[in-house]
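Participant: Here it is, the structure, as structure tokens.
The values are calculated or read from the model by the stated rules, or taken from the named source; none is laboratory data. Please read these numbers as outputs of a predicted model, since none were measured by experiment. Note that each Cβ is placed from the backbone with ideal geometry, even for glycine, and that neighbours are counted across all protein chains shown. Accessible surface areas use protein heavy atoms only, side chains included; no ligands, DNA or RNA. Shrake-Rupley method; radii C 1.70, N 1.55, O 1.52, S 1.80 Å.
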Amino acid sequence: MTKYALVGDVGGTNARLALCEVETGAISQAKTFSTSDYDNLEAVMRAYLDEQKQDIKHACIAIACPITGDWVEMTNHDWAFSTREMKEHLAFDSLEIINDFTAVSMAIPMLAEDEVIQFGGKVPVEGKPIAIYGAGTGLGVSHLVHVDKRWISLPGEGGHVDFAPNSEEEGEILEVLRAEIGHVSAERVLSGSGLVNLYRAIVKSDQREPENLKPKDVTERALKDSCIDCVVRCHCSA
């Protein structure tokens, strides 16, 4: 009989759960849940497990926040929980909660050559440190270092470093955002609501009134090249 573990990727907007075959690592039955539809992560996991009707005793969930102990509190969502209590409630033998970009970084060495796109620079030198960045609801950051013939993941919260302007225009953007939101991190001009923050700052720094846009509106307008302010936003955050 095939044995499965529960695996998941949980961010501020979506929770993606799947079954992982213990023997082979094959992923199946993946399903995405909106975090706004559930009161907590345990409710999402319970709903998924009820659908799958499998005897799951082990789980590993990658989640978008620092993992420093038993208590887990998401950065870009209001979910918070005790890992120990969740394990007991769901009757797991083991439950691992790890940072989402720790999980992403651990997958990098497994990528095949045809799964990687090179842009700029020369061919990477084998065994050198690797930086991993990803813009979603927040800005995920992690690093890999090669030690004693194996890769070690170094999790971090690099998305919360200060936004450092490098031009007069970016300096004006910083001043607008600082007046509106206080601390201006890289995340707040690159990810999720940061797309809107940057759009608004660009428009307001030009002494105009911004529209009430959502992140997806900014992205769609930029891709369609239908709004110069949204296109400029993409250039500023690149």
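Participant: For residues that are open to solvent by 70 Å² or more (accessible area, probe 1.4 Å) and part of a loop (DSSP other than H, G, I, E, B), scanning just region 17-53, find the one that is farthest from Leu139 (Cα to Cα).
Facilitator: Lys53
Participant: For the condition over 30 Å from Glu42 (Cβ atoms), of a type in the set (Asp, Glu), touching a helix residue (DSSP H, G or I) at 6+ places or on another chain (Cβ under 7 Å) and surrounded by fewer than 20 Cβ atoms within 10 Å (Cβ to Cβ), what is the one hit in Glu172, Glu126?
Facilitator: Only one candidate passes the filter, namely Glu172.
Participant: Also, I was wondering about something else. Take the residues of region 184-213 that are within 27 Å of Thr75 (Cα to Cα) and β-branched (Val, Ile, Thr): which is modelled with the lowest pLDDT?
Facilitator: Across region 184-213, the extreme among qualifying residues is Val189.
Participant: Right, another one. Sort out which residues of region 1-12 are in contact with a strand residue (DSSP E or B) (Cβ under 7 Å, 6 or more places away or on another chain) and either surrounded by 14 or more Cβ atoms within 10 Å (Cβ to Cβ) or among the hydrophobic types (A, V, I, L, M, F, W, C) (or both), and write them in order of number.
Facilitator: Tyr4, Ala5, Leu6, Val7, Gly8, Asp9, Val10
Participant: Is it fair to say Ile67 is in a strand (DSSP E or B), of a type in the set (A, V, I, L, M, F, W, C) and either modelled with pLDDT of 95 or more or under 14 Å from Glu96 (Cα atoms) (or both)?
Facilitator: no
Participant: State which residue pairs qualify: first residue under 17 Å from Ile98 (Cβ atoms) and inside region 1-17, second residue polar (S, T, N, Q) and open to solvent by less than 60 Å² (accessible area, probe 1.4 Å) in any location, beta carbons under 6 Å apart, and separation of 6 or more residues or different chains.
Facilitator: Note: pairs meeting the criteria are Gly11/Thr137; Gly12/Thr137; Ala15/Thr35.
Participant: Among the candidates Val72, Val141, single out the residue that is part of a strand (DSSP E or B), touching an Asp or Glu at 6+ places or on another chain (Cβ under 9 Å), open to solvent by less than 100 Å² (accessible area, probe 1.4 Å) and under 29 Å from Val196 (Cβ atoms).
Facilitator: Matching residue, one of Val72, Val141: Val141.
Participant: Further question: Take region 54-68 and flag every residue that is within 17 Å of Gly138 (Cβ to Cβ), open to solvent by 40 Å² or more (accessible area, probe 1.4 Å) and in contact with a helix residue (DSSP H, G or I) (Cβ under 9 Å, 6 or more places away or on another chain).
Facilitator: Of everything in region 54-68, just one residue is within 17 Å of Gly138 (Cβ to Cβ), open to solvent by 40 Å² or more (accessible area, probe 1.4 Å) and in contact with a helix residue (DSSP H, G or I) (Cβ under 9 Å, 6 or more places away or on another chain), namely Ile67.
Participant: Suppose we filter region 60-79 for residues that are over 15 Å from the mean Cα position of the chain (by Cα) and without any contact (Cβ under 8 Å) to a residue 24 or more places away in the chain; how many remain?
Facilitator: 5
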